[in-house]
Amino acid sequence: MSTTTTDITQNGSLTSLETASSIFEIGDSDLLRLLDRPKPINVDRRSFDERSYNDVSISLSPRHSFRNSENFRNLEHAGYMFSPGIRSGLNTPRSHSYYETHPMIVDAWEALRKSIVNFRGQPVGTIAALDHSVEELNYDQVFVRDFVPSALAFLMNGETEIVRNFLLKTLRLQSREKMVDQFKLGEGVMPASFKVIHHPARNYETLTADFGESAIGRVAPVDSGFWWIILLRAYTKSTGDTSLAELPECQRGMRLILSLCLSEGFDTFPTLLCADGCSMIDRRMGVYGYPIEIQAPFFMALRCALLLLKQDGEGKEFVERIVQRLHALSYHMRSYFWLDLKQLNDIYRYKTEEYSHTAVNKFNVMPDSLPDWVFDFMPSRGGYFIGNVSPARMDFRWFCLGNCVVILSSLATPEQAAAIMDLIEARWEELVGEMPLKICYPAIESHQWRIVTGCDPKNTRWSYHNGGSWPVLLWLLTAACIKTGRPQIARRAIELTESRLSKDHWPEYYDGKTGRYIGKQARKFQTWSIAGYLVAKMLFEDPSHLGMISLEDDKQMKHLVKRSASWNC
């Protein structure tokens, strides 16, 4: 299969080259010229911004100051100590900050900077891992989802160029035609990763993108587009500069992503139907259907797009579609994905074969399908969003990323968010153990493991995606803890991480029921393990950074669950 490569010469003329590989020449000179004169807006970097689903006027101005917010008062009440002089955004000190006095922080920044990838003299991302002791595979590429914690670390440290360049490069890759075994992907799919290719003979560099055609399992990423939108909003929030998001190319890129996920079809649910392996869990793990790991970033991306899209022409139409979808999605998720002791008991007593709109058991879930472990796992106080809901199927596993993002995006009600933190505290040994943090719980074992994973040797019980412990998830936990006013949970997790992570050379994941062992196939110097720690540390020391990656609850939305059952105990 041949693809057409656009070669941008030094004088700016365009020529077409036929190649046998998936190489794309990228030129952003036109886009960068538009950014030479940024149009900054007056954004208080210490605040959250939000727009009501019903208020479709575009505004990036904050409504509430963070230090006057309920979140801040909760943190002060909890005895949280704020570091003076550490600021969010461009003014964050880079040479004389608190962070560089800690040996592990210095080690982390040094390792993160070594992972930076340059394209034509400009930083464009960070590679997945810098471990030369094992075969590189695709760990020498820049992954969209992997770069997010790196980007947040750079933004919090006032280094915005690499994030801007990354957003532009992936945007230009998005519009290229890609095929997997001659089947064309939908327009708007963001690449899973890209790689810089050096051509010594020509003294030239090109980018090659992977949209899933080279990935294990050949699955295209669904979440890459969501993370791109979330990161664009974080960049805008951190810098106070809307010029990047307002570029026609960025507006079009968002609309293409939204066109894919908001399209109408045969599905009756507002959640997004997905294949196995389309998210951070990129191997077969039984998360096909409507996984929380996709629905939570989907919801957050929709809310971020609502803030970033212009309301002129096509933008206004998309804003209206987003508002409608957010209403339906929040209702559906809060109603059917939420599980606490009361809800568990209700499912235990479900009747089946119910018909009409009066049915309680709407998805015909058989009570006998309830796994034994969930009865012991569910504490008296606490709850969580389960892994998946579809006809006659509820995946009761706890997934970390999804449950943290529902808090950050305010998909979870305040009561649900508090209950999720209650569950983490009550089940600390199971979910955190000796190294934060379980990607999911519990692990799939024995015959079920063979069926669900296809006997994947990397996903044996308590390893990799099957109940392994991933240090990168520390930043999500820390952000969720700060938003819910529970910094003591984050402090405990960070201290656990600091006791081992750097000494173990920043592995990708840990194995074992408590995360005691370095993963059997884990890469060392995994970039997002490094960046995840840095982001967690900077968030903990200066909670004003939270405004980049958190959205306030929409006061105009009527919460279906007004009070968690865990608070009635």
Taking all protein chains in place and a 1.4 Å probe, what share, in percent, of the accessible surface of the range 112-548 do carbon and sulfur account for? 51
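Need one word for the range 197-353: rounded, prolate or oblate. Basis is the Cα gyration tensor (sqrt eigenvalues a ≥ b ≥ c); a/c below 1.5 gives rounded, then a/b vs b/c decides. All intermediate terms of the calculation are to be shown ahead of the outcome.
On the way: a/c = 2.38, a/b = 1.42, b/c = 1.67.
Oblate shape, in that a/c is at least 1.5 and b/c is the bigger or equal ratio.
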Could you state how much accessible area H505 has, in square angstrom rounded to the nearest 10, with a 1.4 Å probe and all protein chains kept in place? 90
Whole-Hz ³J(HN,Hα) from phi, Karplus 6.51 cos²θ - 1.76 cosθ + 1.60, for the range 528-541, glycine and proline x: 6, 5, 5, 5, x, 5, 4, 5, 4, 5, 5, 4, 5, 6
What FRET efficiency do you get for M104 and D181 if R0 is 60 Å and r is their Cβ-Cβ distance, rounded to the nearest 0.05? 0.85
With every protein chain left in place, what is the accessible area of K520 in Å² (1.4 Å probe, nearest 10)? 110
Past the 26 Å Cα-Cα mark, which pairs from K184/K458; K351/K513; K458/K513; K237/K316; K237/K524; K458/K524? K184/K458; K351/K513; K237/K524
What does the C-alpha gyration tensor say about the overall shape of the range 282-436? Classify as rounded when a/c is under 1.5, otherwise prolate if a/b is larger than b/c, or oblate. oblate
Ranked order, H332, H357, H102 - accessible area, probe 1.4 Å, largest first: H357, H102, H332
How high is the FRET efficiency between V134 and D368 when r is their beta carbon distance and R₀ equals 41 Å, given to the nearest 0.05? 0.40
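At a threshold of 8 angstrom on Cα-Cα distance, excluding pairs fewer than six apart, so keeping six or more, what relative contact order does the range 112-548 reach in percent?
Details: 777 pairs, mean separation 63.3, N = 437.
Across the range 112-548, relative contact order equals 14 percent.
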Theoretical gain in end-to-end length, K342 to T358 [0.36 nm per residue, Cα-Cα removed]: 3.8 nm
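Based on the alpha-carbon gyration tensor of the range 347-454 and its eigenvalue square roots a ≥ b ≥ c, which shape applies: rounded if a/c is under 1.5, prolate if not and a/b is larger than b/c, or oblate? All intermediate terms of the calculation are to be shown ahead of the outcome.
Values: a/c = 1.91, a/b = 1.27, b/c = 1.51.
The shape class here is oblate.
Please arrange V405, V452 by accessible surface area, largest first, computed with a 1.4 Å probe and ligands excluded.
Result of the area sort, largest leading: V452, V405.
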What ranking of W373, W428 comes out by heavy-atom accessible area, probe 1.4 Å, highest first? W373, W428
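The values are calculated or read from the model by the stated rules, or taken from the named source; none is laboratory data. Since the model is a prediction, treat every value here as computed from it, not as a measurement. Because the Cβ atoms are built from the backbone with ideal geometry, glycine has one as well, and the counts that use them run over all protein chains shown. The area values use the complete protein model at the heavy-atom level, side chains included, leaving out ligands, DNA and RNA. Shrake-Rupley method; radii C 1.70, N 1.55, O 1.52, S 1.80 Å.
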